[in-house]
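Heads up, the thing below is written out as structure tokens.
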Amino acid sequence: MSRITCKFGGTSLADANRIRAAAAIVRANAARRFVVPSAPGKRSDDDKKITDLFYAWFHMVTDGLDPAQPRAIITERFLELAHDLGTKVDIAGELERIADTAKTCDTPDYLASRGEYLNGLIVADLLGAAFVDPADCIKFNFEAQLDPRTYEMLGERLDGPGLFVVPGFYGSDPNGEIRTFSRGGSDVTGSIVARASKSDLYENWTDVSGFRMTDPRIVPNAKRIDEITYAELRELAYMGASVLHDEAIFPVRGPGIPINIRNTNAPDDPGTMIVATRKATHPVAGIAARKGFTMINIEKTLMNKEIGFGRKVLGVLVEHGVNFEHMPTGIDTISLIVKDEEIKNHGEAILRSIQRICEPDNISLLPGLALIATVGLGMSSHVGVAARLCTALAEARVNIRVIDQGSSEMNIIVGVMESDLEAAVRAIYNAFESWD
Ligand code: ASP
């Protein structure tokens, strides 16, 4: 019989009714045997996420303040959940123990993970499932990378009949200290559980029916994506398409376990399938955009003849600990596109270093840049994609400041001024919504 891992996001578990709905989804299909819950999320726009309250608790303790307020809100929410759902979990006792351990923590990870831990206990009790604590079997090394032995250790714990609940978001380091993934990391736990349990499918239950071709805040009726590959999704997620953590594909990519993004509020919607390969009949799968980039433009006559010029420029970035995103070049020019958060206030210092080491004729910074990624596996087999994209931008009166097509031919990146971002995304979406 097939096996399914189901991860439920925070909004899908925010109150007792939503947890009941999630439990009904699990029970509706006997193959759904491995359940990964997030911490309860916001019940309404002005509510607080449990995880944020735990972070607040940690920061108050480290600042020498009394964390009574976040602790009281957390206690009340979990007591209410346990009561409404009629579970036997000893919330008060658990929170006593958590408060004691919190006094000895010097990183936020332990407290931050407790929302998933407590919610996991509640969901396991409700489903009559075995509770598997990831502290025992999802292991990180001291560099915070996943220890590959995790799959075997966790796999052994997930062997046998019945249902299993594995809380999302955390594991432990070689000293046994709790460590979390980055925010939104329960998606990654879901992937790890899917692989360790040898699931045939990883269902990621959230509050939307999958991905849309572009951000619905910019194009409200943007088409739903039925199917997308891991590689396409990674490009889009990296460029700002939220819904799934951008590292969630790594554990399932090797064994080729598909991820199905589903909506707990519309459980019959098929959602989006994320797969290893697909037949792309359309050149563009999605369009994602992100603000907050700066371009460093460097000009030097006969740069093309100077062996090692690029290396010197990149050496400056290494010296300042700065990552770069793209490096479009001309004969006598090199541009480097970097995230604003990477160069922070060091822009002038970087320019001075380039000046000193590379002796360019001219060097300037262009801040306020937005990058738009138009992504699609089908791009390489269609003629005229770049032409259509550029025409659409020209007709929308958007000036392209930089353009870059990756050698994978799966992605065209254009840089425009931030003020042009929305008009540009709309224009590209309209140009590729259909292809004939
Ligand atoms: N609860 C964690 C967060 O808010 C992890 C997750 O929900 O995926 O980031």
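Derivation of every value follows stated rules applied to the coordinates shown; laboratory data play no part. Remember, predicted model here, so these are calculated numbers, not experimental data. Quick reminder, even Gly has a Cβ in these numbers, built from the backbone with ideal geometry, and neighbours come from all protein chains shown.
Summary of values
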item	result
For the stretch 82-222, fraction of C-alpha pairs farther apart than 18 Å, in %	62
Vicinal HN-Hα couplings computed from phi for the stretch 315-324 (Karplus, 6.51 cos²θ - 1.76 cosθ + 1.60; Hz; Gly/Pro x)	x, 5, 4, 4, 4, 8, x, 10, 8, 10
Listed pairs K7/K223; K103/K339; K42/K291; K42/K103 exceeding 32 Å between Cα atoms	K103/K339
Alpha-carbon gyration tensor eigenvalues x 5, square-rooted, for the stretch 273-373, Å	31, 17, 12
20 Å-binned pair-distance histogram of the chain (Cα, whole percent)	23, 49, 26, 2
Peptide ranges 324-331, 243-250 listed from the most packed, as the mean C-beta count within 10 angstrom indicates	243-250, 324-331
From the C-alpha gyration tensor of the stretch 350-436, square roots of 5λ in Å	30, 16, 10
Length released on extending from D207 to C105, taking residue separation times 0.36 nm less the Cα-Cα span	33.4 nm
Low-density loop positions, GluC sites (Glu not before Pro), the stretch 108-215 - DSSP coil, at most 13 other Cβ in 10 Å	E143
Crossing angle, helix 385-395 versus the chain [Cα axis fit, 0-90 degrees, rounded to tens]	80
Over the chain: helical MRE at 222 nm, DSSP H runs n ≥ 4 each giving -39500 (n - 2.57), nearest 500	-11000 deg cm²/dmol
Lys, Arg +1 and Asp, Glu -1 on Cβ, resulting dipole of the stretch 6-70 about Cα centre, debye, nearest 20	680
Beta bridge orientation in the chain: antiparallel %, DSSP, nearest 5	65
Computed magnitude of the charge dipole of the stretch 297-422 (debye, nearest 20; Cβ of K, R +1, Cβ of D, E -1)	260
Relative contact order [Cα under 8 Å, 6+ residues apart], the stretch 67-200, whole percent	22
Fewest-first ranking of F211, F164, using other Cβ atoms within 10 Å as the exposure measure	F164, F211
Most positive-pole-ward Cα, L317, M303, M327, against dipole of the stretch 277-344 from beta carbon charges	M327
Principal-axis tilt of helix 50-62 within the chain, Cα atoms, nearest 10 degrees	90
0 to 90° range, to nearest 10: angle between helix 421-432 axis and the chain longest Cα axis	90
Relative contact order of the chain, pairs being alpha-carbon contacts under 8 Å that are 6 or more residues apart, as %	13
From phi via Karplus (6.51, -1.76, 1.60), per-residue ³J(HN,Hα) for the stretch 96-102 in Hz, x at Gly/Pro	4, 5, 4, 4, 5, 5, 4
Charged-residue dipole, Cβ positions (Lys, Arg, Asp, Glu), the chain about Cα centre, Debye nearest 20	780
Placed amide H near A130: partners under 5 Å, 5+ positions off or other chain	L163, F164, V165
For the stretch 8-15, 3J(HN,Hα) per residue [Karplus equation, 6.51 cos²θ - 1.76 cosθ + 1.60, θ = phi - 60°, Hz, x = Gly/Pro]	10, x, x, 5, 6, 10, 6, 9
